[in-house]
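S.K.: Below you'll find the structure I mean.
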Amino acid sequence: MKVTKQKFGMLCDGTKVNLYTVKNENMSFSCTDYGCTITSIVLKNKSGKKTDVLLGFSTLEGYLNTKFCFGAIVGRFANRIGKAEFALDGKKYPLDKNDGPNCLHGGFDGYDKMMWKGKVIEEEKYCGVKFTRLSPDGEQGFPGNVKLSVTYLLDENNNLTCFYTAETDKATPINITNHAYFNLAGNGTIDEHTVQMNSTQRLEVNAKLIPTGKLLDVKGTPFDFTKEKKIGKEIKEVGLGYDHCYVTEKYDPEDVHCGLPLDDSDLVEFCTVREPKTGNEMSVYTNMEGCQFYTGNYIKGILGKNGVVYENHDAFCLETQCFPDTPNQTSFPTCILEPGQKMKAKTIYSFTITK
């Protein structure tokens, strides 16, 4: 295993942007310190054919000019906060309204557009990159100086581990995830991909995709993936496509901290996705209570890697996270990080090549 580093480009202020590539014998991934963005995940099958299973861009310019967070880190609060505001300790905090009346992925100045400091990690059993930055008090409208780290590690078993930590000097909402767009065939529609989820419930949402506070059983509905099912089988029955938060087996209504994990030791398997033609599979393990299943409902017309123009439903995202709008939902487990605590969120994307 090895890590290589090269220049990816330069920002208009002269800041150098780096690209890191991490390889084992069967796969590799690349990431950049601009937005902690994973730019590629390349799988090699037994015949030696390589498939990049991540949508994105071939150059830095593509990431500079997109608003869709391809492969990037999103926060300080991933997903939506209703009415772009919340109250904490008696004070109201207004946020950017960048998703109609709501705040999405932190607002207009997202973590995907910020530079992070990268450090190569090379150990006997894994290699990767650790990115860090300080999110200052008031950034995006959120309180507290927050020390953040995002670590991407690859091992010999084709596990890509994403490890997120945060510490703060003021109580603040925190919700960090990666917004990778996957296509296990490399291109084309994801309708034939199959998904099996260890999830019997999802969050009910209103017309603006803000949770109502209720958890709904998925059994017998188009949202039911408890048994393996093609993504495209019932996608037309849910509107533009799937963009819903599913409840993982980490959720415990009696545990106020299950939404914001302070211990990364216990993971649950959330789902497995399979692509029949290539035989590529991906399983997702996490210690987060929720996972937003999104089917690329708004990417039509985007010019992506190698000149490919993307269409809606050419990718799926599995964004492990706290429940959306948690700062405004008293029935949800907390997303508030307190001084003296350390958030330890962890997600593993585990790849299997069967052909």
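S.K.: I'd like the residue in the stretch 59-102 that is in contact with a Lys or Arg (Cβ under 7 Å, 6 or more places away or on another chain) and not in a strand (DSSP E or B) and, out of all such residues, is least open to solvent (accessible area, probe 1.4 Å). Even if it seems obvious, please write down each step before you answer.
M.R.: The initial filter retains those residues of the stretch 59-102 that are in contact with a Lys or Arg (Cβ under 7 Å, 6 or more places away or on another chain), namely 84-85, 99-102.
Subset that is not in a strand (DSSP E or B): 84, 100-101.
Working: Ala84: 3, Gly100: 58, Pro101: 55 Å².
If we take residues in the stretch 59-102 being in contact with a Lys or Arg (Cβ under 7 Å, 6 or more places away or on another chain) and not in a strand (DSSP E or B), then Ala84 is least open to solvent (accessible area, probe 1.4 Å).
S.K.: Right, something else. Just give me the residues in the stretch 163-174 being of a type in the set (A, V, I, L, M, F, W, C), part of a strand (DSSP E or B) and open to solvent by 10 Å² or more (accessible area, probe 1.4 Å), in sequence order.
M.R.: The one that is of a type in the set (A, V, I, L, M, F, W, C), part of a strand (DSSP E or B) and open to solvent by 10 Å² or more (accessible area, probe 1.4 Å): Phe163.
S.K.: Now a separate question. Looking only at the stretch 234-267, which residues are open to solvent by 80 Å² or more (accessible area, probe 1.4 Å) and more than 20 Å from Ala166 (Cα to Cα)?
M.R.: Lys236, Glu237, Leu240, Glu249, Pro253, Glu254
S.K.: Right, Thr221: touching an Asp or Glu at 6+ places or on another chain (Cβ under 9 Å), more than 23 Å from Gly71 (Cα to Cα), part of a strand (DSSP E or B) and among the polar types (S, T, N, Q) or not? Write out each step before concluding.
M.R.: On the way: touching an Asp or Glu at 6+ places or on another chain (Cβ under 9 Å): yes; more than 23 Å from Gly71 (Cα to Cα): yes; part of a strand (DSSP E or B): no; among the polar types (S, T, N, Q): yes.
Judged against the criteria, Thr221 is not a match.
S.K.: Mind telling me which of the residues Gly232, Gly301 ends up being within 26 Å of Leu104 (Cβ to Cβ), assigned to a loop (DSSP other than H, G, I, E, B) and without any contact (Cβ under 8 Å) to a residue 12 or more places away in the chain? Let's see the steps before the verdict.
M.R.: Values: Gly232 fails: without any contact (Cβ under 8 Å) to a residue 12 or more places away in the chain.
After ruling out the rest, the residue left standing is Gly301.
S.K.: Quick test for you: out of Leu160, Leu134, pick the one residue that is modelled with pLDDT of 95 or more, in a strand (DSSP E or B) and surrounded by fewer than 19 Cβ atoms within 10 Å (Cβ to Cβ).
M.R.: On inspection, the qualifying residue turns out to be Leu134.
S.K.: I've got another one for you. Since Pro261 meets every condition but one in (1) out of contact with any helix residue (DSSP H, G or I) (no Cβ under 9 Å at 6 or more places or on another chain); (2) under 23 Å from Phe70 (Cα atoms), which condition does it not meet?
M.R.: If we test Pro261 against (1) out of contact with any helix residue (DSSP H, G or I) (no Cβ under 9 Å at 6 or more places or on another chain); (2) under 23 Å from Phe70 (Cα atoms), just (2) comes out false.
S.K.: Further question on the same structure: Specify the residue that is nearest to Ser331 (Cα to Cα); the eligible residues are those in the stretch 214-225 that are open to solvent by 20 Å² or more (accessible area, probe 1.4 Å) and either of a type in the set (Phe, Trp, Tyr) or more than 22 Å from the chain's Cα centre (by Cα) (or both).
M.R.: From the stretch 214-225, those open to solvent by 20 Å² or more (accessible area, probe 1.4 Å) are 214-217, 219-224; that's our starting set.
From what is left, the residues that are either of a type in the set (Phe, Trp, Tyr) or more than 22 Å from the chain's Cα centre (by Cα) (or both) are 214, 216-217, 219-223.
Working: Lys214: 9, Leu216: 14, Asp217: 17, Lys219: 23, Gly220: 25, Thr221: 24, Pro222: 26, Phe223: 22 Å.
Among residues in the stretch 214-225 that are open to solvent by 20 Å² or more (accessible area, probe 1.4 Å) and either of a type in the set (Phe, Trp, Tyr) or more than 22 Å from the chain's Cα centre (by Cα) (or both), the one nearest to Ser331 (Cα to Cα) is Lys214.
S.K.: Checking Phe270 against (1) hydrophobic (A, V, I, L, M, F, W, C); (2) open to solvent by 40 Å² or more (accessible area, probe 1.4 Å); (3) closer than 22 Å to Ala185 by Cβ, which single condition isn't satisfied?
M.R.: Unmet condition: (2).
S.K.: Residues of the stretch 23-50 being among the small types (Gly, Ala, Ser), at negative phi and surrounded by 18 or more Cβ atoms within 10 Å (Cβ to Cβ), which ones? Can you show your working first?
M.R.: The initial filter retains those residues of the stretch 23-50 that are among the small types (Gly, Ala, Ser), namely 28, 30, 35, 40, 47-48.
With the extra rule that they be at negative phi, the set shrinks to 28, 30, 40, 47.
Scanning the stretch 23-50 gives Ser28, Ser30, Ser40.
S.K.: Looking only at the stretch 2-22, how many residues end up being surrounded by fewer than 20 Cβ atoms within 10 Å (Cβ to Cβ), touching a residue at least 40 places away in the same chain (Cβ under 8 Å) and under 23 Å from the mean Cα position of the chain (by Cα)?
M.R.: Total meeting the criteria: 3.
S.K.: While we're on this one: Would it be correct to say that Leu260 is part of a loop (DSSP other than H, G, I, E, B) and within 24 Å of Gln329 (Cβ to Cβ)? Break it down into steps so the answer makes sense when it comes.
M.R.: Details: part of a loop (DSSP other than H, G, I, E, B): yes; within 24 Å of Gln329 (Cβ to Cβ): yes.
It is true that Leu260 is part of a loop (DSSP other than H, G, I, E, B) and within 24 Å of Gln329 (Cβ to Cβ).
S.K.: Out of all the residues in the stretch 304-334, which are assigned to a loop (DSSP other than H, G, I, E, B), small (Gly, Ala, Ser) and either surrounded by fewer than 23 Cβ atoms within 10 Å (Cβ to Cβ) or at pLDDT below 95 (or both)? Explain how you work it out, then say what you get.
M.R.: Taking the stretch 304-334 and keeping what is assigned to a loop (DSSP other than H, G, I, E, B), we get 304, 308, 310-315, 322-325, 329-334.
The next check asks that each one be small (Gly, Ala, Ser); those that pass are 304, 315, 331.
Residues satisfying the conditions are Gly304, Ser331.
S.K.: On the phi > 0 side of the Ramachandran plot and at pLDDT below 95 - does that describe any residue in the stretch 265-275?
M.R.: Of all residues in the stretch 265-275, those on the phi > 0 side of the Ramachandran plot come to none.
No: the stretch 265-275 contains no residue that is on the phi > 0 side of the Ramachandran plot and at pLDDT below 95.
The values are calculated or read from the model by the stated rules, or taken from the named source; none is laboratory data. Remember, predicted model here, so these are calculated numbers, not experimental data. With ideal geometry, Cβ positions are generated from the backbone for all residues, glycine too; neighbour counts draw on all protein chains shown. Keep in mind that these areas ignore ligands, DNA and RNA; they rest on the heavy atoms of the full protein, side chains included. Shrake-Rupley method; radii C 1.70, N 1.55, O 1.52, S 1.80 Å.
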